[in-house]
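A.B. asks: Got a structure here, written out as structure tokens. Questions coming.
The values are calculated or read from the model by the stated rules, or taken from the named source; none is laboratory data. Since the model is a prediction, treat every value here as computed from it, not as a measurement. All Cβ positions, even for glycine, are placed from backbone atoms using ideal geometry, and neighbour counts span all protein chains on display. SASA here: full protein model, heavy atoms, side chains in, ligands and nucleic acids out. Shrake-Rupley method; radii C 1.70, N 1.55, O 1.52, S 1.80 Å.
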Amino acid sequence: MKKPDPVIISAQDYYGTCPILNIFFEKKDGDEYFYNWSDHLRGLSKGFVYQVKCQPGLILAITRQSPSTAISISRGEEIDCVSLGFGLRDGSHIQHHIQEQETSFCLNQGGVSYGHNLKSKLIHLPERPFCFIGVLMEPWFIKRFSQGIAGDFAQKIEEMLAPQNEGEFFYYPVFMTPSIHVCIHEILGCTYIDARRPLFLGSKALELMTLGFDQLNSDKGQDISCFNLETGSRNFVHKARDIMISDIKNPPSLTELSRMVGVNRNRLNQCFRKVYGVTIFDFLRTFRLEESKRLLQAGNRSVTDVAFEVGYAQHGTFSREFKKYFGDTPSAYLG
């Protein structure tokens, strides 16, 4: 049976009163905007959009959407900003048709994109709930990071922001590392309801931007720390990682692990965090949850069996951590 064609709707009709980015960039620092568009769309989609002006040239945007049918959203206004965005929801591919180029955002992957004065954009949303986190930056804000330096990173920034013909488009994929996962879930788990909220989210937007743009920098080796970890340090950090993920059901304690790689606990913890951006056990927890999702999707296992296989003795603990991390229960991922 052929699927029905997507409903085509303009961005103005879909997002209602949500201000366009060019206008929101002019707001004062700390200004926030929240809009729930569940009502005016009459069942076509439910969700909200949240934007905060973090500092001049920098906006953090969060949107949750639950379309009841496939939707294509058309945009007609000129937008001139760099976007670092991540889509959160398994199985959902959000397709962006910009000029003649198409990009897709899916789980565990995002991208850095920029187009010079884009006037047309078509976004295809699937009939599945998803969340999207975007760090939006004016070109001048990004250009500062390439001025006065040499190397591949500066060259990539210059390539992205080079004078372009109207409608030309840059895109670079960014993968969701454990550190990016942690940062995103700290953003989504923000509990501040006062003036500290923009301050906290602004700091996390900068952190997410740093982690995302790090992948454009081939000059910086994947495991080389700015604190100049010697090769021997990187070797025992890699060894510790391999030991941890080789038996996630029964991993060694930190004391046992440090003995196995031949360094003391404090040094192992410090060097591991410098290389991977998170603690050893934050890394292990992320790895366990990602592996559990893969096992659930593969089918032929119950939630309890999967929880036990990745090292959770209690079904309830596993379910709570899984939902906190992915935003949905383990049973929603059963194949």
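A.B. asks: In the P(r) worked out for segment 273-335, what percent of Cα pairs fall beyond 15 Å? All intermediate terms of the calculation are to be shown ahead of the outcome.
C.D. replies: Numbers: 911 of 1953 pairs.
I get 47 percent for the Cα pairs in segment 273-335 exceeding 15 Å.
A.B. asks: In addition: Using r as the Cβ-Cβ distance of S66 and S246, and R0 as 45 Å, what FRET efficiency do you calculate, to the nearest 0.05? Let's see the in-between values first.
C.D. replies: Details: r = 39 Å, r/R0 = 0.87.
Rounded to the nearest 0.05, the efficiency is 0.70.
A.B. asks: By how many nm would the segment from T279 to D5 grow when fully extended, if each residue of separation counts as 0.36 nm and the alpha-carbon distance is taken off?
C.D. replies: On the way: separation 274, 0.36 × 274 = 98.64 nm, distance 4.67 nm.
Contour length minus Cα-Cα distance gives 94.0 nm.
A.B. asks: Once the Cβ-Cβ distance between R301 and E186 is put in as r, and R0 is 22 Å, what FRET efficiency do you end up with, to the nearest 0.05?
C.D. replies: Details: r = 30 Å, r/R0 = 1.36.
After rounding, the FRET efficiency stands at 0.15.
A.B. asks: I've got another one for you. At a 1.4 Å probe radius, which order do K324, K27 fall into by accessible area, largest first? Don't jump to the answer; show the numbers that get you there.
C.D. replies: Numbers: K324 175, K27 85 Å².
Correct descending sequence by accessible area is K324, K27.
A.B. asks: Compute the distribution of all C-alpha to C-alpha distances in segment 151-212, in bins of 10 Å from 0, and list the percent of pairs in each, rounded to whole numbers.
C.D. replies: Per 10 Å bin, starting at 0, the Cα pair percentages come out as 18, 35, 28, 17, 1.
A.B. asks: Ok, one more. How much accessible area does F281 have with a 1.4 Å probe, in Å² rounded to the nearest 10?
C.D. replies: 90 Å²
A.B. asks: Grab the beta carbon distance between F34 and E291, set R0 = 30 Å, and tell me the FRET efficiency rounded to 0.05.
C.D. replies: Details: r = 35 Å, r/R0 = 1.17.
With a Förster radius of 30 Å, E is 0.30.
A.B. asks: Right, something else. State, in angstrom, two size descriptors of segment 246-306 derived from its alpha carbons: Rg to one decimal place and Dmax to the nearest whole number.
C.D. replies: 14.2, 42
A.B. asks: Could you sort out which of K143/K293; K46/K293; K46/K323; K204/K249 sit more than 29 Å apart by Cα distance in this structure? Show your work: numbers first, answer last.
C.D. replies: Numbers: K143/K293 38 Å; K46/K293 26 Å; K46/K323 20 Å; K204/K249 32 Å.
Listed pairs above 29 Å: K143/K293; K204/K249.
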